[in-house]
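None of the figures in this text is laboratory data; all of them are computed from the coordinates on show. What you see is a predicted model; the values in this text were computed from it and never measured. Positions of Cβ are generated from backbone atoms using ideal geometry, with glycine treated the same way; all protein chains shown enter the neighbour counts.
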Amino acid sequence: MLSRADVERYNRDGFIVVPNVVSPAEVEALRRATDEIVEKSRSVTTHSEIYDLESGHTSTMPRVRRIKTPDKWHPAYAAMVRHPGIIECLKDLWGPNIRYDLAKLNLKSAGFGSPVEWHQDWAFYPHTNDDLAAVGVMIDDIDEHNGAMMVVPGSHKGPVYDHRADGRFCGGMEPNRDGVDFSKAQYCSGKAGSITIHHVRAIHGSAPNSSNRQRRFFLMQYRAADAWPLIQVPQNWDAWTSQLVAGEETLTPRMINVPVRLPFPVASNQGSIYENQRELKTRFFDEATPAKRSAT
């Protein structure tokens, strides 16, 4: 599925965009499913096990910024978890044994969708090795104007940065603290049906949606089957093994020397990364975003 150049680019930059992985019919099914679930949010007044809401959400004007674990709520999302094209891409990066973790659907409505501040997924869930990645399915055409995810190339080879505010985990990096040059970040742009794959240690974030178009981005987390969590260890063996989407199970974690910083004390605000990041003292995306180069 992936070319040698794709694999080399992923290993070098920590992310890739792969076009035409999800078919137009599958994209349309995801759009219909999203519309159905957002429509049901009219009866919700606060965050729930399904919805993370934008400020200003009302029954007459629903504003949803995240649908949590959407694969539990609609078969169109569940079908993506074992999508053959996605699984083949991950096999090309890690080998035959792949485990799924969880999913979320981040929505940026036209004109206001919330930003996600700079962070590394690795800060939330370190493992015995770092063959982990998030796969993003573009349900809409996504570009710099409607809030495309941005990634700092090569940052997956660097340290794991402090994601705390006032001594507590907050799921975000203070933009002026660690000397990261965010002007080097690249947009993960593409047409609907494209996917992104970004390394668990890559620094990434996204600006608000400044366009008149929606941005619906379905994210699924995967790991090599021999990557075992250092926190939140499996509580139910049957549930753990059911998440193996390719290859064989193993009881032998692969250990490699990677930087680890545990996400404790836990964030003051729970529920989603948006809530975690409320404690950040300095925000990057509240300011004008400098020009970035498109990922190719």
**Prompt:** Over region 73-146, what number does the Rg to Rh ratio reach, with both radii from the alpha-carbon atoms and Rh per Kirkwood?
**Reply:** 0.98
**Item:** Kirkwood hydrodynamic radius (C-alpha pairs) into Stokes-Einstein, region 1-99, 25 °C and 0.890 mPa s, D in µm²/s
**Value:** 155
**Request:** Using the number of other C-beta atoms within 10 angstrom as an exposure proxy, rank Tyr51, Tyr125 with the fewest first.
**Result:** Tyr125, Tyr51
**Prompt:** Of Thr34, Thr128, Thr45, how do they rank once you tally other Cβ atoms within 10 Å and put the fewest first?
**Reply:** Thr45, Thr128, Thr34
**Prompt:** Ignoring the sites themselves, what is the longest stretch of the chain with no GluC sites (Glu not before Pro) in a DSSP loop and at most 14 other beta-carbon atoms within 10 Å?
**Reply:** 50-247
**Request:** List the equivalent ellipsoid semi-axes of the chain in whole Å, largest first, each obtained as the square root of 5λ for an eigenvalue λ of the Cα gyration tensor.
**Result:** 26, 23, 21
**Prompt:** Pro159: net charge of surrounding residues, Cβ under 15 Å, Lys/Arg +1, Asp/Glu -1, itself excluded?
**Reply:** -1
**Message:** Loop only by DSSP, 11 or fewer other Cβ within 10 Å of the Cβ. Give me the trypsin sites (Lys or Arg not before Pro) in region 187-258 that pass, ordered by residue number.
**Reply:** none
**By average C-beta atoms within 10 angstrom, highest first, the peptides 255-266, 162-173** = 162-173, 255-266
**Prompt:** Dipole magnitude of region 141-296 about its Cα centre, charges +1 at Lys/Arg Cβ and -1 at Asp/Glu Cβ only, in debye to the nearest 20?
**Reply:** 300
**Prompt:** Exposure proxy check: Tyr10, Tyr222 ranked by fewest other beta carbons within 10 Å?
**Reply:** Tyr10, Tyr222
**Fill in**
Answer in debye to the nearest 20: the dipole magnitude of the chain about its Cα centre, from +1 Lys/Arg and -1 Asp/Glu charges placed on Cβ, is 340
**Request:** Specify which residue in the list Asn257, His47, Phe218 is farthest towards the positive end of the charge dipole of the chain, using unit charges on the beta carbon of Lys, Arg (+1) and Asp, Glu (-1), about the Cα centre.
**Result:** His47
